[in-house]
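Data first, discussion second: the structure below is written as structure tokens.
Any read-out appearing in this document is the output of simple, stated calculations on the displayed coordinates, not a laboratory observation. Not measured: the values here are computed from a predicted model. Cβ atoms come from the backbone with ideal geometry, glycine included; neighbour counts cover every protein chain shown.
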Amino acid sequence: MCKVCERLRATQARIAAAARQAGRDPASVTLLAVSKTQPVERIRVAAECGQRLFGENFLQEAAEKIAATEELGLEWHFIGPLQSNKTRGIAEGFGWVHSVDRRKIAERLSAQRPGSLGPLNICLQVNLSGETSKSGVTPQALPELAAAVGELPRIRLRGLMAIPAPTQDPAQQRRDAADLRVAQESLAGDGFELDTLSIGMSNDMEAAIAEGSTLVRIGTAVFGPRQR
Ligand SMILES: *Cc1c(COP(=O)(O)O)cnc(C)c1O
């Protein structure tokens, strides 16, 4: 078996074990393979091994990979920082965007989503630590943003996403993931129907799954070290 396939299988096994440990159905956690900096050949290999969902952070790099793999029918998720001048390419090329944290960006994505495609699936990125320098909406401003995004015609609000400050401490990892889950539960209490909790990376997927993650974004555990 090739290296990427071996790593994919091992990652799926980690996800399934963490889900069972938490008393959850392993099928309730989706693996998003984060392919940023990785060559398109590795994406093809992963696709041959059955992986369908891929995450990218940079539009230009992603657009080339999306075009080069068009015949495979992969599902592309944008998980990187969003700039206004990139929204058109993202609305046209991706099925999902996880990093929406401003109303203006969401409005542009909705307006620029081609009519030939279904609504764009969106997660709102939450800044858990509350540092103003980091991207993500604060938990306090989240309800208002969710209400505004929920009204947009070409957008489907699916849930929340976070990138916690890196730590090796499993207890801290769980607190961060729990904070995101609580924010999601609070929105659900306001009547939002959300099915996606996008949290967990190579180093903290077990803690994230224990707290209810439904989509883990995994780069290095699947593809090995990044290429730059
Ligand atoms: C790069 C990246 C990941 C993957 O990180 P790994 O630690 O390599 O698994 C996940 N989410 C986001 C937003 C990223 O930028």
Subject >> Percent RCO, i.e. relative contact order, over region 37-77, from Cα pairs under 8 Å lying at least 6 residues apart >> reply: 53 percent
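Figure the gain on full extension for THR220 and GLU75 (residue separation times 0.36 nm, minus the Cα-Cα span) and round it to one decimal in nm. It would help to have the intermediate numbers written out before the result.
On the way: separation 145, 0.36 × 145 = 52.20 nm, distance 1.93 nm.
Full-extension gain reported as 50.3 nm.
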Subject >> Model label zone, PHE58; criterion: amide N under 12 Å from point 7 Å along Cα-to-beta-carbon; scope region 208-228 >> reply: 227-228
Original post:
For the chain, what does -39500 (n - 2.57) per DSSP helix run (n ≥ 4), summed and divided by total residues, give at 222 nm, in deg cm²/dmol to the nearest 500?
Top reply: -12500 deg cm²/dmol
Original post:
What residue among LEU74, LEU160, LEU109 has the largest mean-square fluctuation in a Gaussian network model of the chain, using Cα springs under 10 Å?
Top reply: LEU74
Original post:
With the contact rule set at Cα under 8 Å and sequence spacing of 6 or more, what percent relative contact order holds for the chain?
Top reply: 21 percent
Subject >> Label-zone membership for region 81-103, site ARG156, 7 angstrom Cα→C-beta point, backbone N under 14 Å >> reply: 95-97
Original post:
Under a 5 Å amide H to amide H cut-off, with H placed in plane at 1.01 Å, what residues pair with LEU215 once short-range neighbours are removed?
Top reply: THR30, LEU197, ILE199
Original post:
Under a 5 Å amide H to amide H cut-off, with H placed in plane at 1.01 Å, what residues pair with ASP101 once short-range neighbours are removed?
Top reply: GLN125
Subject >> In nm, spacing of pseudo-spin labels at ASN203 and ALA147 (7 Å Cα→C-beta vector) >> reply: 3.8 nm
Subject >> Amide hydrogen neighbours beyond the local backbone of SER202, cut-off 5 Å, H modeled >> reply: GLY219, THR220, ALA221
